[in-house]
Amino acid sequence: MNEIYSNLSDGEKLIAKYILDHKEKVIELGINELAKQSLSSKSSVLRFAQKIGFSGYTEMKNFLKWEKQAVENPITKKDFGELVISTVQDTVHNLNNKDLSTLYDLIDTCENIYITGTGFMQQGLANEMQRVFLGIGKNMQVLPLDISTNVYQLVSERISENDLLIVFSGSGNNPILKEALSIPIIKKVKIVGICGSEYSFLMEHSTYRINVPVRTDKMLINHWFSSSSAFYTVIEILAYNYLEHKNKTILYDPSN
């Protein structure tokens, strides 16, 4: 909020001030209640949450909950280290036991490949995947999930069933995600869902699904922070295995 305060409208500044002055109260408020208390509207609160880097109001409220719990009941460095190790191990195990050849065929044959994410962290994952695959010679375009942007509208007009859309999401049930995927689903675009929830809207409508294990055991009771290490592990494994897949294809190509 401090970084972008000068760029906020008068109404958004009122929302920011109310949140900063009533953090603990906001945790318990629904979006309509916060809009009423801050003398704004539901759509204004949603736009404000997105403007400061969240996918929506729920993610912003969860961050405030995590911030409160992190102060009151901090997990130890040992606990967090064990959490990171276990989620990465589970991710590697799951991918090693999954047939990825179909996904690599999609990456090879689709005309255009777009990557997007439902929140600030997920957009970072999209950028990282673009960087890693560009390094091995495969171009992918990062797409903002905001349907109001000119880039999204332009791509949504041109995207077709011959294209591939890779989506990173935590829950896979984000309302903005559902709206943004409506056109790709209608156009039968091939979708790869990389998600922390196995049963979700995203996974239900994905051509290829990769579930990233999210720990919910006693270690994380009352905590709202989760490691993104497993998601980055997925990117690295996919890139490494894709390169291996390409090398094998070239090696066994009868025309060579």
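The values are calculated or read from the model by the stated rules, or taken from the named source; none is laboratory data. Bear in mind that the values here come from a model prediction, so they are computed numbers and not experimental data. Reconstructed Cβ throughout: ideal geometry from the backbone, glycine too, with neighbour counts over all protein chains shown. What goes into the accessible areas is simple: the full protein's heavy atoms, side chains included, and nothing from ligands, DNA or RNA. Shrake-Rupley method; radii C 1.70, N 1.55, O 1.52, S 1.80 Å.
Just name the residue that is surrounded by the most Cβ atoms within 10 Å (Cβ to Cβ) out of those in region 109-123 that are touching a residue at least 60 places away in the same chain (Cβ under 8 Å) and out of contact with any strand residue (DSSP E or B) (no Cβ under 7 Å at 6 or more places or on another chain). Among residues in region 109-123 that are touching a residue at least 60 places away in the same chain (Cβ under 8 Å) and out of contact with any strand residue (DSSP E or B) (no Cβ under 7 Å at 6 or more places or on another chain), the one surrounded by the most Cβ atoms within 10 Å (Cβ to Cβ) is Gly119. Within region 96-127, which residues are part of a loop (DSSP other than H, G, I, E, B) and polar (S, T, N, Q)? Selection gives Asn97, Asn112, Thr118.
Can you pull out every residue in region 128-162 that is at pLDDT 90 or above, assigned to a helix (DSSP H, G or I) and open to solvent by less than 80 Å² (accessible area, probe 1.4 Å)? The answer is Glu128, Met129, Gln130, Val132, Phe133, Gly135. If you take the residues in region 28-44 that are touching a Leu at 6+ places or on another chain (Cβ under 8 Å) and over 16 Å from Met1 (Cβ atoms), which one is surrounded by the most Cβ atoms within 10 Å (Cβ to Cβ)? Per the stated criteria, the residue is Ile31. Could you list all residues from region 1-27 that are without any contact (Cβ under 8 Å) to a residue 12 or more places away in the chain, part of a loop (DSSP other than H, G, I, E, B) and surrounded by 12 or more Cβ atoms within 10 Å (Cβ to Cβ)? Selection gives Ser9 alone. In region 148-163, the residues that are closer than 17 Å to Glu111 by Cα reach residues that are in a helix (DSSP H, G or I) and open to solvent by 20 Å² or more (accessible area, probe 1.4 Å) with C-beta atoms within less than 7 angstrom, at least six apart or across chains, in these pairs: Ser156/Ile183. Scanning region 45-69 for residues that are open to solvent by 30 Å² or more (accessible area, probe 1.4 Å) and of a type outside the set (Lys, Arg) returns Leu46, Gln50, Ile52, Phe54, Thr58, Glu59, Asn62, Phe63, Trp66, Glu67, Gln69.
Picking from Val88, Val92, which residue would you name as being at pLDDT 85 or above, surrounded by fewer than 16 Cβ atoms within 10 Å (Cβ to Cβ), within 26 Å of Val234 (Cβ to Cβ) and within 23 Å of the chain's Cα centre (by Cα)? Exactly one residue qualifies, and that residue is Val92.
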